[in-house]
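Comments concern the structure below.
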Amino acid sequence: MNQANTTVVAFRNFFQEVGQLTSFLVKFFKQVFVPPYEFDEFAKQSFIVGYKSLPLVGITGFIMGLVLTIQLRPTLVDFGAESWLPAMVALSIIREIGPVITALICAGKVGSGIGAEIASMKVTEQIDAMEVSGINPFKYIVVTRIVATTLMIPLLVIFSDFIALMGSFLAVNIKSDVSITLFITQVFDSLDFMDVIPSLIKALFFGFFIGLIGCYKGYTSSNGTEGVGASANSAVVVASLLVFIIDMIAAQITSLFT
Amino acid sequence: METVKTNNYEVEVKNLQISFGKDDVLTDLSLSLKKGENLVVLGKSGSGKSVLIKCIIGLIDPDEGTIMVQGNNISEQDDNNLNLIRSKVGFLFQSAALYDSMTVRENLEFPLRRQNTVKGKKLTSLVEDALENVGLSDVIDKMPSELSGGMRKRVGLARTLILKPEIMLYDEPTTGLDPITSTEISSLIVHIQKKYKTSSIIITHDIACTKNVADRIIVIRDGVCAAEGTYKELENSGDPWIRSFFE
């Protein structure tokens with residue numbers, strides 16, 4: 001009986017959370033297109049999300065391209081298809097690994113940062129202070145951050161893809177001698193429109209949901225300083241899970257058009 | 001949109017009720033704030049003092065009762081009207097609530113920039129004047145994390161005063177401060193009342209601060225106003241519980 005009750009409570013809490021998140025989402029869409037626009041804060045957040053994530057995303061992308069190439073080579077050599085290596089790595093990186101790994105890194109770095117920052121603003125009454133000064137804290141804090149992550153994460157994905165291909169080029173040249181021109185030609189020959197565009201659209205959704213979850217968890221934080229840690233933690237967990245769910249849906253949708 | 005003034009009270013609270021879950025915080029609280037007076041609200045921790053002023057500024061919606069600020073019913077206002085009323089009310093938070101990603105200068109400029117009424121040299125001069133009023137001209141380019149508790153409170157006060165409020169709400173202005181700094185903050189509250197002709201509600205359980213600033217005091221017990229009077233009247237109250245605040 002107790003177990004049944006616990007399950008009921010868990011379900012109720014889950015649907016309550018989904019309801020609150022939906023209402024948060026509706027509030028975002030109601031405010032995002034209505035002036036005044038907070039351009040300065042948007043630019044600041046874009047700098048934090050985009051520029052400050054470049055080193056981490058770049059290093060991860062480089063290692064990703066390098067390792068993937070080193071791991072794929074023996075199998076392709078066994079099948080006598082070593083010349084397919086640049087094409088195969090490019091497809092894997094651009095279609096799947098680049099966006100997903102970049103999004104997961106951003107869910108960890110950016111999502112948790114946003115969750116913790118907003119939660120601590122709430123605990124220290126900074127959000128209330130904005131409200132009593134006649135400033136719309138939702139627009140200033142939430143809208144700017146969600147728009148920044150939505151626009152910056154696709155750019156980070158492009159950057160990460162490029163660096164990963166450079167890592168791959170280096171790995172290809174460890175055991176064979178391929179010129180940069182030939183490598184780039186093989187990469188671009190293997191790619192078409194339907195590889196690049198769905199990947200960027202997917203990245204746009206990754207960015208949107210990472211920002212949304214980070215802001216939602218921070219904005220609805222409770223229990224004082226303990227809640228700050230909990231908000232950051234659950235922002236990472238939920239955003240990472242959503243990245244995989246969106247990826248799965250995107251793969252299904254893309255397959256309908258190819 | 002215009003706000004209206006209908007009577008002599010700056011703030012009038014009638015039969016306020018508010019509860020959180022099963023906890024009844026305020027059950028039937030009524031009070032009024034006259035123009036130009038300092039009203040101190042005393043009560044034990046958790047008696048709903050902070051909730052009361054958050055209701056007055058519209059941060060918390062009451063379950064029952066009416067709150068009139070300069071003749072306007074707070075519960076009936078849309079966002080624009082509420083912001084207009086709020087522009088006449090200053091709120092000093094218990095934690096000072098400085099924006100910790102901004103310098104002191106940016107903290108003070110922030111509300112004015114959003115209103116878009118003052119720019120350039122005039123804005124700089126307003127910020128410098130506001131800091132001078134609280135005796136902190138030399139911290140203008142520091143971050144809030146570099147300030148002491150007392151300094152943060154003063155900067156918070158300067159940020160509130162820069163909007164030239166007619167009503168001030170202080171949420172435990174001396175909590176966590178040493179006796180000397182507490183006395184300085186109390187003197188500042190009186191100075192602000194005289195200089196800007198503000199009407200203030202001061203939430204506190206600091207009796208030294210109460211003695212310095214109060215024109216009138218109300219005491220909250222069990223969610224209602226248990227006593228009302230001047231410092232002297234309540235100090236000599238027949239109710240031992242009320243007297244215990246002043247011992």
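Values in this text are rule-based calculations from the coordinates and carry no lab data. Only a predicted model underlies this, so the values are computations on that prediction, with no experimental measurement involved. When we count neighbours, we look across all protein chains shown, and the Cβ atoms used for this are built from the backbone with ideal geometry, even at glycine.
Things worth noting here:
- Average beta carbon contacts from partner chains per residue of B:91-97, 10 Å cutoff: 5
- Evaluated with a Cβ-only charge set (Lys, Arg +1; Asp, Glu -1), segment A:102-173 carries a dipole of roughly 140 debye about its Cα centre, given to the nearest 20.
- Computed over segment B:98-164, relative contact order equals 47 percent, with contacts defined as Cα pairs under 8 Å that lie 6+ residues apart.
- Remark: the Cα gyration tensor places chain B in the oblate category, a/c being 1.5 or greater and a/b not exceeding b/c.
- Angle in degrees between helix A:39-49 and the longest Cα principal axis of chain A, rounded to the nearest 10: 50 degrees
- Residues B:Arg159, B:Arg105 arranged by fewest to most Cβ contacts within 10 Å: B:Arg105, B:Arg159
- Inter-part distance where segment A:74-105 and segment B:188-247 are each reduced to a Cα centre, Å: 73 Å
- Positive-end residue, the protein assembly as shown charge dipole about Cα centroid, Cβ charges, pick of A:Thr144, A:Gln126, B:Gly90: B:Gly90
- Student exercise, the protein assembly as shown dipole from Lys, Arg, Asp, Glu Cβ charges, in Debye to nearest 20: 660 debye
- Coordinate range of the alpha-carbon atoms in the protein assembly as shown per principal axis, descending: 100, 67, 44 Å.
- The separation of segment B:58-82 from segment B:169-184, counted between C-alpha centres, amounts to 28 Å.
- Gyration tensor (alpha-carbon) shape descriptor, chain A, a/c threshold 1.5: prolate
- Projecting the Cα positions of A:Ala239, A:Asn5, A:Thr185 onto the charge dipole of chain A (unit charges on Cβ atoms of Lys, Arg, Asp and Glu, taken about the Cα centre) puts A:Asn5 furthest along the positive direction.
- Mean ellipticity per residue at 222 nm, deg cm²/dmol - from DSSP H runs of n ≥ 4 across chain B, formula -39500 (n - 2.57): -10500 deg cm²/dmol
- Amide H to amide H, with H built 1.01 Å from N, B:Arg216 comes under 5 Å of B:Asn38, B:Val40, counting only residues 5 or more places away or on other chains.
- Relative contact order (%) - chain A, alpha-carbon pairs under 8 angstrom, separation at least six: 32 percent
- Net charge of Cβ neighbours under 12 Å - reference B:Asn15; Lys, Arg +1; Asp, Glu -1: -3
- Using a cutoff of 8 angstrom between alpha carbon atoms and counting only pairs six or more residues apart, the relative contact order for chain B works out to 26 percent.
- Footprinting exposure proxy for B:Met68, A:Met152, A:Met166, A:Met194 (fewest neighbouring C-beta atoms within 10 Å first): A:Met194, A:Met166, B:Met68, A:Met152
- Sparsely packed loop sites in segment B:1-98 (the GluC sites (Glu not before Pro) outside DSSP H, G, I, E and B with at most 14 other Cβ atoms within 10 Å) comprise B:Glu2.
- Overall, chain A carries a charge dipole of about 380 debye about its Cα centre when +1 sits on the Cβ of Lys and Arg and -1 on the Cβ of Asp and Glu, all other atoms neutral.
- Crossing angle, helix B:104-115 versus chain B [Cα axis fit, 0-90 degrees, rounded to tens]: 80 degrees
- Violating pairs (Cα-Cα greater than 23 angstrom) within the set B:Lys122/B:Lys142; A:Lys44/B:Lys142; B:Lys119/B:Lys142; B:Lys119/B:Lys194; A:Lys27/A:Lys122; B:Lys22/B:Lys44: B:Lys119/B:Lys194
- By the helix-only formula, in which each DSSP H run with n ≥ 4 contributes -39500 (n - 2.57) and the sum is divided by residues, chain A has a 222 nm mean residue ellipticity of -27500 deg cm²/dmol.
- The residue among B:Gln115, B:Ile18, B:Ser187 whose Cα reaches farthest toward the positive pole of the charge dipole of chain B, with charges on the beta-carbon of Lys, Arg, Asp and Glu, is B:Gln115.
- Phi-derived couplings, Karplus 6.51 cos²θ - 1.76 cosθ + 1.60 at θ = phi - 60°, listed residue by residue for segment B:125-132: 5, 5, 5, 5, 4, 4, 6, 5 Hz, with x used for Gly and Pro.
- Listing A:Thr124, B:Thr66 from fewest to most neighbouring C-beta atoms within 10 Å gives B:Thr66, A:Thr124.
- Separation of alpha-carbon centers, segment A:162-237 and segment A:124-140, rounded to whole Å: 32 Å
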